[in-house]
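Below: the structure, in structure tokens.
The values are calculated or read from the model by the stated rules, or taken from the named source; none is laboratory data. Since the model is a prediction, treat every value here as computed from it, not as a measurement. Note that each Cβ is placed from the backbone with ideal geometry, even for glycine, and that neighbours are counted across all protein chains shown.
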């Protein structure tokens, strides 16, 4: 989608209508503004997760009280993406690869978590059926996990083989 050259609903020869400029700028800038608005939340969450992994559950409450420790871990989470953003000229490849991650998370993990939960309940002799139970789903978990992984691998190899995203995505 190339919105930089958007001409509006009723293009005229010569000049571009003001509303077309506004729509074009909004569509072009929205992804950057959206990422910029969520970045601090993601950096804080990732920094907290790093800190939790490093200190463990027993030492974590004390580590959380230390402003310096919190700041170090949050900076470790925030600074590398800022540096990388300064080195990248186009958002197209970034959104392609992050979208790939989103597809993997949205398609693969629900099946894997459902299968894991079912196995957990079975191992403890608990009932595996709930109001969300679908009788044939039990036999579909593994095929759906493999299909979703194959889809992600296919898209990733396509992106890597072309070296970047197709021109239509930039």
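So how many residues does the stretch 26-35 have that are under 16 Å from the mean Cα position of the chain (by Cα) and loosely packed, with under 12 Cβ neighbours inside 10 Å? First the steps, then the outcome.
As a first pass, look at the stretch 26-35 and keep what is under 16 Å from the mean Cα position of the chain (by Cα): 31-35.
The next check asks that each one be loosely packed, with under 12 Cβ neighbours inside 10 Å; those that pass are 32-34.
Final tally of qualifying residues: 3.
Collect the residues in the stretch 36-76 that are over 26 Å from residue 98 (Cβ atoms) and surrounded by fewer than 11 Cβ atoms within 10 Å (Cβ to Cβ), keeping them in residue-number order.
Scanning the stretch 36-76 gives 56, 57, 58, 61, 62, 65, 67, 68.
Scan the stretch 8-20 for residues that are surrounded by 13 or more Cβ atoms within 10 Å (Cβ to Cβ) and part of a loop (DSSP other than H, G, I, E, B) and report the count.
At the first step, the residues of the stretch 8-20 found to be surrounded by 13 or more Cβ atoms within 10 Å (Cβ to Cβ) are 8, 16-17, 20.
Still in the list and also part of a loop (DSSP other than H, G, I, E, B): 8, 16-17.
Adding up the residues that qualify gives 3.
Against the conditions (1) under 25 Å from the mean Cα position of the chain (by Cα); (2) in a helix (DSSP H, G or I), where does residue 23 fall short? Just the number, please.
(1)
Residues are listed down the side, and each one gets a yes or a no for (1) assigned by TED's automatic domain parsing to the domain that holds residue 31; (2) touching a strand residue (DSSP E or B) at 6+ places or on another chain (Cβ under 6 Å); (3) free of Cβ contacts under 8 Å to residues at least 12 places away in the same chain; (4) on the phi > 0 side of the Ramachandran plot:
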{"site": "57", "(1), (2), (3), (4)": "yes, no, yes, no"}
{"site": "73", "(1), (2), (3), (4)": "yes, no, no, no"}
{"site": "76", "(1), (2), (3), (4)": "yes, no, no, no"}
{"site": "83", "(1), (2), (3), (4)": "yes, no, yes, no"}
{"site": "97", "(1), (2), (3), (4)": "no, no, no, no"}
{"site": "113", "(1), (2), (3), (4)": "no, no, yes, no"}
{"site": "119", "(1), (2), (3), (4)": "no, no, yes, no"}
{"site": "150", "(1), (2), (3), (4)": "no, no, yes, no"}
{"site": "158", "(1), (2), (3), (4)": "no, no, yes, no"}
